[in-house]
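For reference, the structure is listed below as structure tokens.
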Amino acid sequence: MSGPNTSFDPKQVAVLGAEAIATMVAEALAAVSAAGDLAVLKEVRLAHAGDRSPLALANRDIGALPPAAKAEVGKRVGEARGAVKAALGSRQIELERARDEFVLAEEFIDVTLPAMRVPLGARHPLTTVMERICDVFIAMGYDIAEGPEAEAEWVNFDALNVPPDHPARTMQDTFYVGSPESGVVLRTQTSPIQIRAMLDRQLPIYVVAPGRVYRTDELDATHTPVFHQVEGLAVDVGLTMGDLKGTLDHFAQEMFDPGIVTRLRPSYFPFTEPSAELDVQCFVCRGASIDNSAEPCRTCGSEGWIEWGGCGMVNPRVLQAVGIDPAKYRGFAFGMGIERTLMFRNGVTDMRDMVEGDLRFSLAFGLES
Amino acid sequence: MRAPVSWLRELIDIPVDQTGRDIAARLINAGLEVETVETIGGGVNGALYVGKVLEIEELTEFKKPIRWCQVDVGATGGGVRGIICGARNFTVGDMVVVALPGTVLPGGFEIASRETYGHLSDGMICSERELALSEEQDGIMVLPAGTAGADARPLIGVGEEVLDIAVTPDRGYALSLRGISRELAISYGVPFQDPGLNVADLPAPAPDAVPAQCGSDDFEACALFTLRTIVGFDPKAASPQWMKQRLTAGGMRPVSLAVDVTNYVMLELGQPLHAFDLDKLNGPVRAGWAEPGSTLETLDHVTRKLGSDDLVILDDDGIIGLAGTMGGLDSEIDDDTINIAIEAAHFAPRVIARMARRHRLSSEASRRFERGVDRTLAPYASARAAALLIEFGGGHYVGMTAVEAPYDPGVISMRVSEPAAVAGMPIDEETVTRLLEAVGCGVLINGNQLEVQAPPWRADLTDPADLVEEVVRLVGYENLPSTLPIAAAGHGLSNSQRLKRRIGMTLAARGAVEVLTYPFVGDSELDDMQIPVADIRRSKVRLANPLSDEQPYLRASLLPGLLSTARRNIGRGSSGVSLFELGSVFQGESVGVAPRPSVLERPGADEWAALNGLLPSQPMHLGIVLAGEREAAGWWGPSDDHGWHDAVQMAQVIAEVIGSEITIEQGGDLVFHPGRCATINCAGKPIGVAGELHPRVIQAWSLPTRSSALELDLDALIASAPALRPAPAVSAHPVAKEDLAVVVADSVTVAAVTAALRAGAGDLLESIRLFDIYSGPQVPDGHCSLAFALRFRAPDRTLSAAETAAARQGAINRAGLDCGAVIRGG
């Protein structure tokens, strides 16, 4: 530390003259700009701004000056040191940037290298279609109902107004569990879930029920002994066939395309009366392929309509079997095949693709369908 | 049911501009499902002429006899042409069908003038088979009449459109031209003369003639039995060409006049008929129940064993036919039959349905009876048949005998407003009445009620709902409004439905692919899996009629299906698979017969419980099979295969996804590697197993070594999921980290040591993680060193060094007590 100079010697303080200081600054700035890298700059800092640097020494000598000179010299030295410090600082930043650029350039990596080390899996498209259907109906206030796949014959047939020996039983080739007389079958349709829903739930009932069903068909391009359906059931006061039609219109629009319309054709199911087949307008050609051999439609076979499922008003006999008063309540029900839906909605051409479990099939759909 | 359009046009006046497709569209709208509209001889492109055979020269120098014919095809066909023909069933003067050069026959076969057998053949004399009219190949077609040079197409039915209709079980009446034309008449609004109510003109029987007698032993099963007798019939008489054509178009093969007539009337009116050779009968013919153990050889040459619920036709010598299903061989009409008895009867639909099902015998007759034949039609139909037989086969009419139960069609009461209320649109009384009468009902208006009597051909109309359907379908479903009901407030997905979705999404996001495998398994797969007989996964639920005898059981485990799917994928070139399935398994054995409560009222609680109690247990399982590469080799390094730990990790991931707590303990499942198998416990019970598959299982399925698997009872896991998860207290105070290593015997599991450390460390322990295992010179033989990283934190303060040290020591002490762990270097 420099204290007041007790033995004042003008020769000794000549270094505090303006010229001398300017020289020091000039030398320092030259050294700073000459520093080519951070290591040299560090030495420059030590030499020109360190404790032993000429400017530091000059600063120490200020204390020896008479009080009248101190202010002027002090200001001169302070400015000089400030200029050197600023130059060092900006050079430091410059050199750091330069170094960073070099290093980062060295660290270049081809980021188009494969980054997906473990690829995504997939859900089965039949599952995701069923979930989509459930979501459509949940949005309408429906709940999702369930039932067992090995089902009592009474639930699968009798309660659905298919008495023993009725030809409707042979419409669906049935797997019998245990023996043909056991009264237990693999459900041939999701309709038995209607019976369970009506026995287990409080009225009014609005449910959809997706599930696996079984028929004794050999696997080929259009048949499989194990497939999926979705069942819909509403039982309430004052329901009409118009309500059924409106519900199916909305459903079709959500599943295929807004603006798509449906068509009901009279048909027969023991558990509905009146009964209908449900067609949806072909969402690919919208009917433009009918009688238009120039532009055939593969999706609908140029029919303009696609058979989607069956539906109708719940047969009062079914309500009777589950103890619901048909004089007070009416119901509607519908059912469609999920495989079939996926086939024409997503262009699956071979049933076997949906049952074989080839990874490549499901992976093409990912987590949605 | 195949309906030729020209036949329909004969019965009703269909507007002339209507094509087969137009007519089909009408029927579809009325609820008859027309599957195809086929054009007979549709493959014939070009003219077919009637030709008169003028000369035949037999060429004998070839391997087979060949004829060189001169055929006059009229001026339009170019006069007389020389044609080579290999058939021999015609003579000079016969009218034949000739295709001239340029005409294309079915199969794209174009007729050309060509040199053959030493002559220039200038056309072709056609057979039915060559024109794709039938499978008949006994020679060429000889026309009964015709003019040389005329268009042969209408004469042989080429160009005729035929509707093929899939008749639903409720519409028995549509298995006839009569029923189909009735629907068309309503649709087109044209008059309908019911051919079923025509009384055929029959000659008066001789006064002393005695017709064959008939009877019915059970009027519930056979409410009407008629037998009509004709004697002196010409067995050589042929069926007229038009009848043969219609039968062929209708899908039936012409046989002989007697058989053809019964089939023709069946197609026309819907009444199955059976013709017996009267001389082969002995005594009255009646319907009755078979003696158990009796047999009958039916027309299809099958000997059938009969039971007490087989309704049969009998004479004094025994059983001569299966009622309404198929006749017996012994009483069949043959080429020498001159005396005929025609049976026309009404059999109860369920009786016939049961027989047809048990004997696997679906005939034209049984298909009609099980759907319901017009209850009163039999005498009309047999009169029609008798008239045709006499017209074309001669003979004398002897008369008819009949037995019949009283017929009460019953009355259905329906509110006039019911069709409108069900449809959701206005339908007035006049419309309701008019449409019901159009389908044949008798209607009486009684205030706001209708008293409706269904016609005898509509046994399906029993309830008001059936009448509603008739009205609404004829008003037209296309006129229904489209309205949306306001559903009750819903609950969204149930807990288990939502969690299953979460699990599926999570597994897929972690690289697994969902599959849906068939649930059929067999003993050989279960043996290959080494599942012991007493194991719950050894399927006990068996199908009575499996598709394959190799796989008669329903799965009790998801693994066989997953293993087979893994093998298929590996076989198709996949280097690694990660498959999962969420599906039901079938466990337990159902003993006894499930009850069948009445359908007239809600089943009682006991009945419902008993019914459900007889179903096999069907829990939802999750199965995963992991085989081969988990991560392929890449710029990051070598490939990495699936192993036991991936299977265990999947179990832990799933448990975390749904918030259930599981514990892992060393297991010993026989399907798995004895040393690399984990039992998954939840709520104190084992709910699954995970690990590396047993090498013999891997080998049996040809999977990569170290293939691994997991199977969980998902219902049990989901049952333990919390309904609600409480928020944690997140402490902002600093963490104190302590590492420690303990030496334990190899037999002590990491889970046990971790549990002991956790218990001993107390509430301040935030987490514990094993970060190293060491065995070697530094630790005694049969021991290993386990290094754990522990993190301590208090909710409300910074922990002091002393507190942390005490907690650490507590952990060490507890591990020492519980597991014999000794702190290493401490």
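General remarks:
- Flag for A:Arg345 being surrounded by 17 or more Cβ atoms within 10 Å (Cβ to Cβ) and touching a residue at least 40 places away in the same chain (Cβ under 8 Å): yes
- Within segment B:752-767, residues that are under 14 Å from B:Gly816 (Cβ atoms) and touching a residue at least 60 places away in the same chain (Cβ under 8 Å) have Cβ atoms under 6 Å from residues that are open to solvent by 20 Å² or more (accessible area, probe 1.4 Å) and not hydrophobic (A, V, I, L, M, F, W, C) in these pairs: B:Ala756/B:Arg814; B:Ala756/B:Asp818, counting only partners at least 6 apart in sequence or on another chain.
- Residue list for segment B:311-363, restricted to those being at pLDDT 95 or above and of a type in the set (Asp, Glu): B:Glu343
- For the residues A:Thr188, A:Thr216, A:Thr222, the requirement of being within 23 Å of B:Pro519 (Cβ to Cβ), more than 10 Å from every other protein chain (Cβ to nearest Cβ) and free of Cβ contacts under 8 Å to residues at least 60 places away in the same chain singles out A:Thr188.
- Of all the criteria given as (1) in contact with a strand residue (DSSP E or B) (Cβ under 9 Å, 6 or more places away or on another chain); (2) open to solvent by 10 Å² or more (accessible area, probe 1.4 Å), the one not satisfied by A:Ile260 is (2).
- Residue in segment A:138-147 that is farther than 24 Å from A:Ala234 by Cβ, surrounded by fewer than 23 Cβ atoms within 10 Å (Cβ to Cβ) and more than 7 Å from chain B (Cβ to nearest Cβ) present: no
- Of all residues in segment B:165-199, those being more than 30 Å from the chain's Cα centre (by Cα), aliphatic (A, V, I, L, M) and open to solvent by 20 Å² or more (accessible area, probe 1.4 Å) number 4.
- B:Ser564 in the same structural domain as B:Trp701 (by TED's automatic domain parsing), crowded, with 16+ Cβ neighbours inside 10 Å and part of a helix (DSSP H, G or I): yes
- Exactly one residue out of B:Leu105, B:Leu175 is of a type in the set (A, V, I, L, M, F, W, C) and under 26 Å from B:Trp68 (Cβ atoms), and it is B:Leu105.
- Within segment B:623-654, considering residues that are touching an Asp or Glu at 6+ places or on another chain (Cβ under 7 Å) and not acidic (Asp, Glu), the one farthest from B:Pro695 (Cα to Cα): B:Ser639
- Among residues of segment B:783-805, those that are hydrophobic (A, V, I, L, M, F, W, C) and open to solvent by 60 Å² or more (accessible area, probe 1.4 Å), counted: 2
- Candidates are the residues of segment B:705-737 that are within 40 Å of the chain's Cα centre (by Cα) and of a type in the set (D, E, K, R); the one that is surrounded by the most Cβ atoms within 10 Å (Cβ to Cβ) is B:Glu711.
Residue-wise test of (1) at the interface with another protein chain (Cβ under 8 Å from one of its Cβ atoms); (2) assigned to a strand (DSSP E or B); (3) surrounded by fewer than 17 Cβ atoms within 10 Å (Cβ to Cβ); (4) among the charged types (D, E, K, R).
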| position | (1), (2), (3), (4) |
| --- | --- |
| B:Asn569 | yes, no, no, no |
| B:Val591 | no, no, yes, no |
| B:Ala594 | yes, no, no, no |
| B:Val599 | yes, no, no, no |
| B:Asp606 | no, no, yes, yes |
| B:Asn612 | yes, no, yes, no |
| B:Leu615 | yes, no, no, no |
| B:Val625 | no, yes, no, no |
| B:Gly628 | no, yes, no, no |
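- Spans of helices (runs of 4 or more DSSP H) in segment A:297-369 with at least 3 residues away from every other protein chain (no Cβ under 13 Å): A:338-346
- Selection of strands (runs of 3 or more DSSP E) fully inside segment B:278-389 by the criterion of at least 1 residues being under 30 Å from B:Pro409 (Cα atoms) and not β-branched (Val, Ile, Thr) returns B:285-289, B:311-315, B:318-322, B:340-347.
- In segment A:106-134, residue nearest to the other protein chains (Cβ to nearest Cβ) [restricted to those that are part of a helix (DSSP H, G or I) and open to solvent by 70 Å² or more (accessible area, probe 1.4 Å)]: A:Arg132
- Taking residues in segment B:706-729 that are part of a loop (DSSP other than H, G, I, E, B), and partners anywhere that are open to solvent by 70 Å² or more (accessible area, probe 1.4 Å), the pairs with Cβ atoms closer than 7 Å and at least 6 places apart or on different chains are B:Arg706/B:Asp641; B:Ser720/B:Ala683; B:Ala729/B:Pro795.
- Only one of the numbered conditions (1) within 30 Å of B:Gly571 (Cβ to Cβ); (2) small (Gly, Ala, Ser); (3) surrounded by 14 or more Cβ atoms within 10 Å (Cβ to Cβ) is violated by B:Ser702, and that is (3).
- Selected residue (only one of B:Ala438, B:Ala420 is surrounded by 21 or more Cβ atoms within 10 Å (Cβ to Cβ) and at negative phi): B:Ala420
- Here A:Gly246 fits the description: facing chain B (nearest Cβ under 7 Å), open to solvent by less than 10 Å² (accessible area, probe 1.4 Å) and farther than 22 Å from B:Ser598 by Cα.
The values are calculated or read from the model by the stated rules, or taken from the named source; none is laboratory data. These figures come from a predicted structure and were not determined experimentally. A quick note on method: Cβ atoms are made from the backbone with ideal geometry, for glycine too, and the neighbour counts reach across all protein chains shown. The accessibility values were calculated without ligands, DNA or RNA, using every heavy atom of the protein model including side chains. Shrake-Rupley method; radii C 1.70, N 1.55, O 1.52, S 1.80 Å.
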